[in-house]
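Before any comments, here is the structure.
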């Protein structure tokens with residue numbers, strides 16, 4: 001029993017941490033609850049219910065549950081996908097149904113319908129393997145298959161197919177509109193803003209690593225115990241950057257669906273963010289190489305030529321500190337959406353000078369920095 | 001018009017390539033079409049249709065469209081999630097409905113129901129931010145919210161709620177069973193097998209890069225034009241490995257749901273694969289550092305001390321070739337599920353010897369190799 005209590009306490013702490021890390025998560029949960037409660041009003045109010053029909057009202061609830069996403073861009077992307085896929089598939093399904101009904105034989109209709117459904121489902125499923133469709137319209141394709149099969153197949157039984165289709169379309173539209181309105185007007189979470197904050201935060205992490213490297217590894221105090229501790233802290237600073245690609249891709253994909261807001265226009269160049277992100281990752285890869293070099297040396301306890309080491313120590317410290325400063329400056333520039341100041345270039349040229357004499361030691365440390373500078377402007 | 005024709009030809013070529021790259025994709029499309037056609041038989045056959053009811057039959061179609069995934073593990077994971085979430089949410093929804101019906105005031109019932117729906121939807125939405133739930137049960141939570149709201153809300157109108165819930169559950173079970181049967185018995189695509197093949201393929205790519213590096217960059221022929229061309233080819237060999245984490249995580253997640261098949265037991269240690277994958281990526285990061293070092297040197301046209309270069313050239317060539325061979329040997333060992341042969345260890349120790357003299361040049365190249373060796377056994 002005590003064991004269970006401990007576990008519950010642990011879980012509670014974890015949930016609290018998740019909420020504290022990003023309070024918008026709690027807000028989002030309330031928004032989702034609000035959207036579903038709002039849509040369920042259709043059930044309780046008599047005139048609304050009778051005008052839409054019982055089974056159609058279900059579809060409004062279903063739409064809200066599936067479409068509501070954390071970011072406004074995500075909700076918009078899913079909502080637009082759902083609406084257009086339903087429209088297109090509904091029209092095609094009606095056409096297929098009419099075509100099959102022309103068949104003279106009584107067994108002809110279900111067979112023809114099955115063939116249509118089979119062909120369209122197979123083709124649509126295959127189209128999901130195209131990377132561009134997978135990235136932006138995957139949900140739309142699912143809905144397309146679903147609606148087409150339903151309309152085509154249920155046409156065999158239902159009499160008033162067109163009325164049914166229109167009812168369903170209107171409930172889906174109501175569901176999508178509710179979700180979109182709530183996610184845009186009630187404490188909106190913009191994917192674009194998240195992306196805009198994520199990049200400089202990542203660059204700052206790299207800067208923090210380099211400056212820490214200067215202080216701890218190349219710096220004055222080389223006490224062994226402390227280094228080990230600090231090193232593991234340092235590593236944790238840049239590690240998340242290595243695998244930032246999926247998050248960035250997702251955010252950029254959602255950001256493209258968002259209307260203009262704040263200082264971002266509708267055609268804000270989100271693709272450039274992906275480029276800067278890729279360069280940031282390249283920097284992080286080099287840091288991974290450096291830190292694994294350091295840890296190998298530590299483990300194998302190879303005491304290299306100490307004189308040589310002392311000789312390069314100062315230059316290395318200079319280089320990583322300057323590069324770190326240049327990166328921090330870059331991060332600020334991206335945040336404020338301006339061209340990086342000359343200070344960054346100054347830091348960078350200092351770093352380059354220091355690295356000239358060190359070419360052989362830390363090969364790629366600042367290889368990609370000039371590129372970041374270029375594409376950030 | 002010509003423009004349109006060109007575009008169509010291009011699209012056709014692209015689709016053909018996608019199919020050729022992995023013929024199982026075409027098979028999967030047919031399987032999806034087959035599953036939907038099979039389920040639509042429920043509509044055409046009179047006794048089946050009347051026993052299940054009109055709106056419930058819809059749910060079978062919906063289930064098949066949503067649950068059918070490329071890998072058997074994916075289908076199983078979604079199907080199991082869907083079934084259990086429906087069961088749990090249905091029971092809770094019924095309980096909430098009964099509780100609300102106890103209210104004496106006539107307006108009390110809808111208000112109580114709204115409060116229940118709001119609270120449960122908000123809590124379930126929040127639980128999706130827990131990483132463990134997000135990774136394995138995200139789909140289940142969606143279905144849970146959906147079913148709970150539907151059952152609780154529609155109880156306000158429907159008379160025979162329990163009969164309806166049972167009908168729906170049985171159609172969902174039929175849909176899930178169809179999907180699972182088709183994806184396990186008709187040309188199954190196992191996520192576990194894919195993962196088992198992906199890892200050695202990735203390691204082979206790294207080996208290929210290192211051996212190419214030895215041949216082209218450190219090798220005899222240093223013609224400038226050719227190097228540039230080869231270098232871009234070389235880079236393309238390991239680039240995909242850098243971002244392999246999401247794919248591996250997904251496959252490992254699905255593989256855990258799969259029953260034993262071929263030489264994989266039910267409790268095959270899929271987590272170890274993730275570890276080896278992480279080490280492989282670490283190797284790839286080092287290669288990224290090396291190749292960006294090379295390209296920087298090329299762009300800045302710094303002609304470094306040629307004598308020194310000649311001196312280290314041979315040792316470098318030796319090192320990267322041996323490391324490459326060790327990696328290739330490792331890949332074969334993983335494929336055949338055996339301990340790497342001593343040949344790999346031999347290659348590795350050769351490489352280490354060569355690298356001893358070169359510590360300063362290519363810092364982390366084989367830092368993580370011994371770890372790979374360890375965890376592969």
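Per-structure values
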quantity: Exclusive hit being in contact with a helix residue (DSSP H, G or I) (Cβ under 7 Å, 6 or more places away or on another chain) and not in a loop (DSSP other than H, G, I, E, B), set B:66, B:115; calculated: B:66
quantity: Check on residue B:7, assigned to a helix (DSSP H, G or I), away from every other protein chain (no Cβ under 11 Å), modelled with pLDDT under 90 and within 26 Å of the chain's Cα centre (by Cα); calculated: no
quantity: Odd one out for residue A:104 among (1) within 12 Å of chain B (Cβ to nearest Cβ); (2) not in a helix (DSSP H, G or I); calculated: (1)
quantity: Neighbours by Cβ (under 6 Å, 6+ apart or cross-chain): first from the stretch B:229-254, buried (at least 17 other Cβ atoms within 10 Å of the Cβ); second at pLDDT below 85 and in a loop (DSSP other than H, G, I, E, B); calculated: B:245/A:243
quantity: Which listed residue is under 30 Å from the mean Cα position of the chain (by Cα), more than 8 Å from chain B (Cβ to nearest Cβ) and more than 30 Å from residue A:276 (Cβ to Cβ), from A:192, A:175, A:140; calculated: A:175
quantity: Count of residues meeting criterion [modelled with pLDDT of 80 or more, at the interface with chain A (Cβ under 7 Å from one of its Cβ atoms) and surrounded by fewer than 24 Cβ atoms within 10 Å (Cβ to Cβ)] in the stretch B:35-48; calculated: 1
quantity: Residue check, residue A:32 in a helix (DSSP H, G or I), at pLDDT 85 or above and more than 8 Å from chain B (Cβ to nearest Cβ); calculated: no
quantity: Residue identified as more than 25 Å from the chain's Cα centre (by Cα), closer than 19 Å to residue B:99 by Cα and modelled with pLDDT under 90 among B:161, B:119; calculated: B:161
quantity: Subset of the stretch B:171-186 [in contact with a helix residue (DSSP H, G or I) (Cβ under 6 Å, 6 or more places away or on another chain) and within 11 Å of residue B:67 (Cβ to Cβ)]; calculated: B:172, B:175, B:176, B:178, B:179, B:180, B:182, B:183
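The values are calculated or read from the model by the stated rules, or taken from the named source; none is laboratory data. This structure is a prediction, so every number in the text was calculated from the model and none was measured. A quick note on method: Cβ atoms are made from the backbone with ideal geometry, for glycine too, and the neighbour counts reach across all protein chains shown.
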